[in-house]
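Quick notes on the structure that follows.
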Amino acid sequence: MAKSVSFSCTACGAAHTRWSGRCDACGEWNSIVEDTPLSTGPASKSLGSKRGNAIQLTDLSAQEVPPPRTNSGINELDRVLGGGMVPASAILVGGDPGIGKSTLLLQAAARFAQAGLKTFYVSGEEASAQVRMRAARLGLADAPVKLAAATSLRDILTTLEAEKPDLVVIDSIQTVWSDAVESAPGSVSQVRAAAHELTSFAKRKGTSVVLVGHVTKEGQIAGPRVVEHMVDTVLYFEGERGHQFRILRCVKNRFGPADEIGVFEMTGSGLAEVANPSALFLSGRGDPSPGSVVFSGIEGTRPLLVEMQALVAPTPHSQPRRAVVGWDGARLAMILAVLESRCGIPFAGLDVYLNVAGGLKISEPAADLAVAAALLSAREDVALPADTVVFGEISLSGALRPVGQTENRLKEAQKLGFTTAIAPSGGKSVGSSGLKLMQMGDLTAFVGDIFGA
Ligand code: TYD
Ligand code: MG
C-alpha cells in the first residue's frame with residue numbers, strides 16, 4: 001500500500017491532501033508543511049470491540065453536579081476565565097514572545113496553589129533555578145508550586161500521572177516534543193501531538209492544563225492556532241511594547257462569556273491588576289486638543305473609556321496615507337467614505353492617522369461615532385469639550401444606530417467625571433444617569449450640531 005501523505009497549514013491548522021504554496025483555508029502563503037503520522041501501529045479494519053457508554057442528558061444533570069471552580073483571587077484573571085478555573089479544562093494562553101506570559105502564569109500558578117489547588121509548573125524554556133529566581137523577584141518564593149524543567153512529553157506525562165496535580169502549566173507548548181513524532185520540536189505535528197496528549201490527560205484525570213503558546217507572524221514555529229480547536233478556552237495576552245498595560249483577552253470559552261478582558265499593569269515586581277482601567281487609559285490626557293475624543297466602550301461585560309486620537313494633514317504624496325493603530329483599517333475607510341458621500345466632507349488629499357491611546361485594540365462598531373468625531377475634530381482643528389464622551393454605530397446611509405449597554409456606558413462616564421454624552425437617538429431610554437445626553441439621528445445632524453459645518 002502506498003504511504004499516505006498529508007499536509008497541514010502552520011497558520012490555521014487546516015488539513016490538506018497535497019502541498020500548495022498558499023493555504024485555501026486562511027490564505028497564508030508558504031505555510032503548508034508535510035505531517036508526520038502520529039501512530040505507526042497496524043491499521044485495523046474491524047470495528048472496536050469496546051462499546052462506548054451512552055447516557056441521557058437528563059440523567060447527567062441529576063448525577064453529575066459540576067465540580068466547583070477555583071478562584072485565584074486575581075480578579076482580572078478569574079473574570080476572563082468565566083469565574084475561576086474549571087476542573088479538567090484545557091486553556092491556551094497565546095501571545096508574542098516577551099509579552100509577559102511566563103510572568104502572568106507563574107503569578108497565577110502561585111495564587112491558585114495558595115487557593116488550594118495542587119499546582120505544577122513545567123518550564124521547557126527556563127531551568128527550574130531560573131523559574132525560582134523569577135518567583136523570588138515576584139515575591140512568590142514560598143508559594144506551594146512544584147517546578148519541573150522538562151520538554152519530553154513522555155517525561156511530563158509520567159510525572160503528572162505520579163503527581164496527580166489539580167493544575168499544570170506547560171510553558172511553552174512549542175518546546176514539548178513527543179518521541180512518537182519524527183519532526184522537530186515546535187513543528188505543527190509536534191505541537192498538535194503534544195497538545196492532544198495533554199488535553200486528553202486533562203479530561204481523563206480531571207487536571208486543568210494551561211498551555212502557553214508563542215505566536216509568530218512567520219509560519220516557521222507552529223502558531224498555537226492548531227491548538228485552538230482542541231482546548232476549551234483560548235486567551236490572548238497582548239499589549240504594545242513600550243506601554244506598561246497588558247490585556248488578557250478571551251477569544252473562546254466553553255465555560256463562560258468570550259470577549260471578556262482583564263487589564264494588567266507591568267511593574268518591576270510583576271503584573272498588577274488594574275481595577276479601574278478607564279482611569280488608567282484616560283490618565284495623562286491634558287487640555288482638550290483637536291483630534292482627541294473619548295469613547296465610552298464595552299469590553300466583555302465591562303465598560304471601558306478610551307481616548308481615540310486622529311491626525312489629519314495635507315499629504316505630500318499622490319496617494320494619501322491611512323494609518324490605524326488599535327482599530328480596523330477597513331472600518332476607518334468606511335467612515336471616511338460615509339463622511340465624504342453623506343456629509344460632503346472630503347478627505348481626498350489628506351493623510352489620516354488614527355490611534356487608540358494606551359495600546360488597546362477596539363473592535364466594537366459602537367466606536368464609529370467616536371472615530372468620526374475624532375476625524376472631524378482633527379480636520380476642522382476644533383477640540384471637543386473635554387467632559388464629553390461619544391459612542392454610536394454609523395450605518396452606510398449615514399444614520400446613527402443605537403448600541404447595546406447604553407446605561408453602563410453612561411454610568412462609567414459619569415463615574416469618571418464626564419458631564420455630556422453624544423449618542424444615537426432611539427434605543428433604550430436612559431433614566432437615572434445624571435449626564436446631559438445629546439441624542440442624534442444621523443451623522444449630518446451630528447456634524448451640524450457639534451462642528452457647525
Ligand atoms: P516574560 O514573562 O518572560 O514573557 P514571555 O513569557 O511572554 O516571553 O516577560 C518578559 C520580560 O518582561 C521579563 O524579562 C520580565 C519582564 N517583566 C517585568 O519586569 N514585569 C512584568 O510585570 C512583566 C509581565 C514582565
Ligand atoms: Mg516565557
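Summary table
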| quantity | calculated |
| --- | --- |
| Counted charge near residue 448, where neighbours are those whose Cβ lies closer than 13 Å (Asp, Glu -1; Lys, Arg +1) | -2 |
| Residues 336, 443, sorted so that the one with the fewest Cβ neighbours within 10 Å comes first | 336, 443 |
| Relative contact order computed over segment 280-451 (Cα-Cα under 8 Å; 6+ residues apart), in percent | 25 |
| Sites residue 133 and residue 163, calculated FRET efficiency, Cβ-Cβ separation with R0 22 Å, nearest 0.05 | 0.45 |
| Relative contact order %, the chain, counting alpha carbon pairs below 8 Å whose residues are six or more apart | 12 |
| Electrostatic dipole magnitude of the chain [Cβ: Lys, Arg +1; Asp, Glu -1; Cα centre; debye, to 20] | 900 |
| Filter on 118/252; 203/411; 252/411; 101/203; 101/411 - keep pairs with C-alpha separation over 31 Å | 203/411; 101/411 |
| In sequence order, calculated HN-Hα J values of segment 151-164 (Karplus, 6.51, -1.76, 1.60; Hz; x Gly/Pro) | 10, 7, 4, 4, 4, 4, 5, 4, 4, 5, 4, 6, 7, 6 |
| Inter-part distance where segment 173-211 and segment 232-253 are each reduced to a Cα centre, Å | 22 |
| Around residue 418: net Lys/Arg minus Asp/Glu count, Cβ-Cβ under 15 Å | +1 |
| Size descriptor, Kirkwood hydrodynamic radius, that averages inverse alpha-carbon separations across the chain, Å | 24.7 |
| Integer Hz, Karplus 6.51/-1.76/1.60 couplings in order for segment 83-92, x for Gly and Pro | x, x, 7, 8, x, 6, 9, 10, 10, 10 |
| Likely footprinting exposure, 246, 137, fewest C-beta neighbours within 10 Å first | 137, 246 |
| Hits among aspartates and glutamates - C-alpha to C-alpha of residue 415 under 19 Å, sequence gap 8 or more where chains match | 299, 307, 387, 407 |
| Neighbourhood charge, 14 Å Cβ-Cβ cut-off, centred on residue 172 and excluding it, Lys, Arg +1 and Asp, Glu -1 | -3 |
| Those Cys residues of the chain for which no other cysteine Cβ falls under 4.7 Å | 250, 343 |
| For residue 384, residues with placed amide H under 5 Å, excluding near neighbours | 291, 292 |
| Leading residue at positive end of dipole, the chain (Cβ point charges), from 130, 8, 362 | 8 |
| Cα centroid separation - segment 83-156 against segment 365-395, whole Å | 43 |
| Interchain or long-range residues, amide H under 5 Å from residue 442's placed H | 400 |
| HN-Hα J in Hz across segment 272-281 - Karplus 6.51, -1.76, 1.60, θ = phi - 60°, x for Gly and Pro | 10, 5, 10, 6, 10, x, 4, 4, 5, 5 |
| Long-range HN-HN contacts of residue 297 with modeled amide H, under 5 Å | 304, 305, 306 |
| Principal-axis tilt of helix 188-205 within the chain, Cα atoms, nearest 10 degrees | 80 |
| Nearest-0.05 FRET efficiency for residue 54 and residue 395, computed from C-beta distance (R0 41 Å) | 0.25 |
| MRE, 222 nm, helices only [DSSP H, n ≥ 4, -39500 (n - 2.57), over the chain, to nearest 500] | -7500 deg cm²/dmol |
| Using distinct alpha-carbon pairs, which all enter the 1/r mean, Kirkwood radius of segment 69-275 in Å | 16.7 |
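Each value in this text was obtained by applying a stated rule to the coordinates, not by laboratory testing. As the structure is a prediction and not an experimental result, all values here were calculated from the model. Ideal geometry is used to build each Cβ from the backbone, glycine not excepted, and the neighbour counts take in all protein chains shown.
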